[in-house]
Amino acid sequence: MNEEKIRQFIQEELQNLLDKDIDKSNVTAEQVREIFREEIPAFLARSLTTIEGNLQLLDSRNIIVGGTTGSKIGTSTSQKLGFWNKSPSNQPSNGADLTNNVAVGGTTDTIANYTDLTTYATDAAAIRNNLYQLAKKLKVVNDALRSIGIMS
């Protein structure tokens, strides 16, 4: 709604109040306007607004956020969110830690650096372990994105 439509809407509502609901012998139109001038900015500036129905953004409308500290969608991992008609779900977990070993042990969040091929030329097991861990982590990320509708 642009500014002119908002102004028109408020004027119409004010006129409706004046015509129907307000005892004109006790309250003047100017007093009602003053109440609106005082109350509307406070209402619009509230830090928490609850919407009980759907919120529809028409085409070419954007959500504009601040650029200093940023904004969040969801302030707790237990809050549910879904995209593109996917059922809302909690924040997906990280899954298993990435390690450089298929079975057990290994170094967490470490994948070998293969720039020195003389070191790894005969180390098929280390290469296999690292590829396995990367594929395993990619599967966790893929499943998480699919569960909330970011990927189909």
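Structure data summary
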{"read-out": "Some residue of the range 55-78 being among the basic types (Lys, Arg), outside the structural domain of residue 143 (by TED's automatic domain parsing) and modelled with pLDDT under 75", "value": "no"}
{"read-out": "Residue in the range 42-53 that is assigned to a loop (DSSP other than H, G, I, E, B), at pLDDT 85 or above and over 18 Å from the mean Cα position of the chain (by Cα) present", "value": "no"}
{"read-out": "Residue 4 vs. criteria surrounded by fewer than 11 Cβ atoms within 10 Å (Cβ to Cβ), part of a helix (DSSP H, G or I) and either at pLDDT 75 or above or within 33 Å of the chain's Cα centre (by Cα) (or both)", "value": "yes"}
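The values are calculated or read from the model by the stated rules, or taken from the named source; none is laboratory data. Because the structure is a prediction, the values reported are computed rather than measured. Positions of Cβ are backbone-derived with ideal geometry, glycine not excepted, and every protein chain shown enters the neighbour counts.
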